[in-house]
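Enquirer: This is the structure I want to talk about, given as structure tokens.
Derivation of every value follows stated rules applied to the coordinates shown; laboratory data play no part. Since this is a predicted model, take the numbers as computed values, not measurements. Every residue, glycine as well, gets a Cβ built from its backbone with ideal geometry; the counts of neighbours run over all protein chains shown.
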Amino acid sequence: MSSSRLHEVISLLRPSDDEAIMVTNAADIRWLTGFTGSNGAVLVAGGRSVLFTDGRYTVQAAIEAPSTEVRITSGSSEANLIQHMVSLRPKHVWVQMEAVSFSLVESLKKQLPSVIPVDIASVFSKLRARKTSQEVGSIKTALAITEQTFSEVLPFIKEGISENQLAAEIDYRQRLLGAEGSSFDTIVAFGPNSALPHARPGGTLLQRGTPILMDFGCFVDGYASDMTRMVHFGPASSQFVSAYDAVHSALQEASKRVSTDMSGAELDGIARQVLTKQGLGDLFSHSLGHGVGLEIHEWPGVSSRNKELLPSECVITLEPGVYLPGNFGIRIENMVHLSPKGIRTLNTLSTDLVIL
């Protein structure tokens with residue numbers, strides 16, 4: 001897999017014999033080579049790739065990156081990569097500026113003063129957006145665990161349980177079902193706390209007549225799931241039900257119309273228009289969604305800022321929401337795969353409101 005991906009990188013960037021590529025973002029290193037260690041950097045030059053890491057990962061690197069030359073060093077892998085690159089004397093170095101420190105860039109300029117660093121921030125993100133069937137399979141497996149976890153924790157939702165306790169149960173059950181870990185800090189928010197889009201679970205205790213927002217996911221084979229569902233503990237007010245129906249309609253409309261012929265901004269606008277017609281547009285305070293893969297937030301963004309077309313074979317989230325400060329928040333989130341064979345919602349779990 002790594003050799004074909006190396007070919008993709010070379011084909012896209014077309015480096016000449018006197019150019020080199022530094023790969024320092026951990027997710028990109030994993031995508032390119034398979035290596036998952038915490039200290040790694042990859043140099044692409046002369047049509048081949050070299051992974052720099054330290055002695056802790058001698059065996060692991062050989063197993064995970066069999067198609068990549070591995071150099072075991074001590075200290076910073078990036079610093080060792082630069083030292084090796086000095087002997088190559090490249091004229092241009094492609095650098096992931098968002099994944100290197102200022103001091104490392106200064107070291108590169110000092111040791112290779114004639115080199116012109118070129119930022120390649122978006123190159124790997126766009127390559128990684130196009131998922132293989134194997135990658136989609138891993139995401140589906142992770143999502144299946146997340147969905148089963150949701151069903152399994154419903155009986156634990158009792159009066160007096162805290163947000164922290166429910167979040168811990170979610171994390172525990174995802175692990176029991178085979179997850180490598182949570183793909184982000186699990187969000188469990190009761191009542192007014194649900195009006196905080198990125199609420200953190202705390203000691204708030206559940207009472208009757210309370211909405212519950214649960215947003216969580218997990219990793220399988222390094223690939224993430226991401227899902228949000230709402231539960232109402234006890235009877236829901238007409239205001240809550242009306243708002244929920246509006247958010248649900250926005251999700252359905254976006255799911256129906258999503259296509260690789262539209263930009264992230266256009267898709268975001270479709271969901272936003274549904275909520276605006278219901279008088280709730282100003283309460284939708286975040287973007288509609290984002291790409292998912294080796295990282296929980298990847299390109300493409302499904303937001304008003306992304307004017308580029310959604311790429312074929314990407315996996316994105318669709319998560320419209322409305323938030324009434326001091327009262328409640330509502331968000332419903334599914335994962336969608338875009339391919340030439342059609343648009344497929346990966347979730348199997350209903351998006352209907354659960355009332356306990």
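Enquirer: Round to the nearest 10 and give me the degree value, 0 to 90, for the angle of helix 77-86's Cα axis relative to the longest principal axis of the chain.
Expert: 30
Enquirer: Computed over the Cα atoms of region 130-355, what is the ratio Rg over Rh, Rh following Kirkwood?
Expert: Checking Rg against Rh, the ratio lands at 0.95.
Enquirer: Counting just the Cα atoms, what span does region 2-128 cover along each of its three principal axes? Round to the nearest Å and put the largest first.
Expert: 37, 31, 24
Enquirer: As a footprinting exposure proxy, order Trp299, Trp94 by other Cβ within 10 Å, with the fewest listed first.
Expert: If I rank by nearby Cβ atoms, fewest first, I get Trp94, Trp299.
Enquirer: Something else now. Compute the long axis of helix 264-277 from its Cα atoms, compare it with the longest principal axis of the Cα atoms of the chain, and write down the angle in degrees, 0 to 90, nearest 10.
Expert: It is inclined by approximately 10 degrees.
Enquirer: Tally Lys and Arg at +1 and Asp and Glu at -1 over the other residues with C-beta under 11 Å from the C-beta of Asn80: what net charge comes out?
Expert: -1
Enquirer: Rounded to the nearest 0.05, what FRET efficiency do His92 and Ala168 have when you use their Cβ-Cβ distance and R0 = 45 Å?
Expert: The computed FRET efficiency comes out at 0.35.
Enquirer: Take every DSSP beta bridge whose two residues both sit in region 2-128, then give the antiparallel share in percent to the nearest 5.
Expert: Around 40 percent antiparallel, to the nearest 5.
Enquirer: Another question, if that's okay. With runs of 4+ DSSP H residues as the only contributors, calculate the mean residue ellipticity of the chain at 222 nm using -39,500 (n - 2.57) per run, divided by the residue total and rounded to the nearest 500.
Expert: -11000 deg cm²/dmol
Enquirer: Sorted by mean Cβ packing within 10 Å, highest first, what order do the peptides 341-351, 247-257 take?
Expert: 247-257, 341-351
Enquirer: Near Leu166, within a Cβ-to-Cβ distance under 14 Å, what is the net charge of the other residues, with Lys and Arg +1 and Asp and Glu -1?
Expert: Result for the neighbourhood of Leu166: -3.
Enquirer: Hey, another quick one. Please compute the contact order of the chain in relative form: average sequence separation of alpha-carbon pairs under 8 Å and at least six residues apart, divided by the residue count, as a percent.
Expert: Across the chain, relative contact order equals 14 percent.
Enquirer: What nm value, rounded to one decimal, do you get for the distance between Asp261 and Val105 when each label is placed 7 Å out toward the C-beta?
Expert: In this crude spin-label approximation the distance works out to 4.1 nm.
Enquirer: Measure off 7 Å from each Cα along the Cα-to-Cβ vector at Ser242 and Phe156, then give the distance between these two points in nanometres to one decimal.
Expert: 3.6
Enquirer: Pop a pseudo-label 7 angstrom from the Cα along the beta-carbon direction at both Arg200 and Ile10 and give the gap in nm to one decimal.
Expert: Result: 4.7 nm between the two label points.
Enquirer: Need the list of lysines near Lys140 for cross-linking: C-alpha distance under 28 angstrom, and skip anything on the same chain fewer than eight residues off.
Expert: Lys140 reaches Lys126, Lys131, Lys256, Lys307, Lys341.
Enquirer: Here is a further query. Mind checking the angle between helix 133-153 and the chain's longest principal axis? C-alpha axes, 0 to 90 degrees, to the nearest 10.
Expert: 30
Enquirer: Near Lys110, which lysines are there with a Cα under 19 Å away, not counting those fewer than 8 places off in the same chain?
Expert: Partners found: Lys91.
Enquirer: If I stretch the segment between Ile343 and Gln134 completely, what's the gain in nm (0.36 nm per residue apart, minus their alpha carbon distance), one decimal?
Expert: Separation in residues times 0.36 nm, less the Cα-Cα distance, equals 73.5 nm.
Enquirer: What is the sum of charges, Lys and Arg at +1 and Asp and Glu at -1, for the other residues whose Cβ falls under 14 Å from the Cβ of Thr276?
Expert: Within the 14 Å Cβ shell, the charges total -1.
Enquirer: Output the antiparallel fraction of DSSP beta bridges having both residues in the chain, as a percent to the nearest 5.
Expert: 75
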